[in-house]
1. Let me know the Kirkwood hydrodynamic radius for segment 10-78, please, with Cα pairs as the basis and the value in Å to one decimal.
2. Set Lys and Arg Cβ to +1 and Asp and Glu Cβ to -1, take the dipole of segment 10-78 about its Cα centre, and tell me which of A16, L75, F57 lies farthest positive.
3. How far apart, in nm, are two points set 7 Å out from the Cα along the Cα-to-Cβ line at E27 and at S50?
4. Quick one: which of 41-50, 22-31 comes out on top by average Cβ neighbours within 10 Å, and what's the full order, highest first?
5. Provide R77, R70 in ascending order of the number of other Cβ atoms located within 10 Å of each residue's Cβ, fewest first.
6. Based on the Cβ-Cβ distance of R20 and K43, what FRET efficiency does E = 1/(1 + (r/R0)^6) give at R0 = 22 Å, to the nearest 0.05?
7. Within segment 7-57, report the chymotrypsin sites (Phe, Trp or Tyr not before Pro) that DSSP leaves as loop and that have at most 14 other Cβ atoms within 10 Å.
8. Along segment 28-40, what does the Karplus equation 6.51 cos²θ - 1.76 cosθ + 1.60 (θ = phi - 60°) give for ³J(HN,Hα), rounded to whole Hz, x for Gly and Pro?
Amino acid sequence: MRQVVNFCDYFVVLSAQSQRQIQSLAEILQEELGTQGINSLTKTLPHDESGWVVLDFSSVVVHIFNKAMREFYSLERLWSDAKRVRINRLTKKT
């Protein structure tokens, strides 16, 4: 993203099937990264029903969408000049 914007290096765009999953993903990301001293500049609202949560970790901005919101805003199209990096699956190491 840095080649296109001056406020972050990466956008991470995720989809979830429900508002509950959106909130859970946001909470897990904040907790896990927080244990490493990486804190979001934004906080999720506990009763947010918008279908879109944004977490700003300074150089990485995470967008968690429901399907309809992701299709409507189409960030991949909007920021198509940025280089895409695809991550197929992340698994937690035990």
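1. That comes to 12.2 Å for segment 10-78.
2. So the residue furthest toward the plus end is L75.
3. 1.9
4. 22-31, 41-50
5. In increasing order of surrounding Cβ atoms, one gets R77, R70.
6. 0.80
7. Of the chymotrypsin sites (Phe, Trp or Tyr not before Pro), the ones in loops of segment 7-57 whose Cβ has at most 14 other Cβ atoms within 10 Å are F7.
8. Values per residue, Gly and Pro as x: 4, 4, 5, 5, 5, 5, x, 5, 9, x, 9, 10, 6 Hz.
Since every read-out is calculated from the coordinates, none of them should be taken as a lab result. In this text the structure is predicted, and so the values were computed from the model without any measurement. Cβ sites come from the backbone with ideal geometry, for glycine too, and all protein chains shown count toward neighbours.
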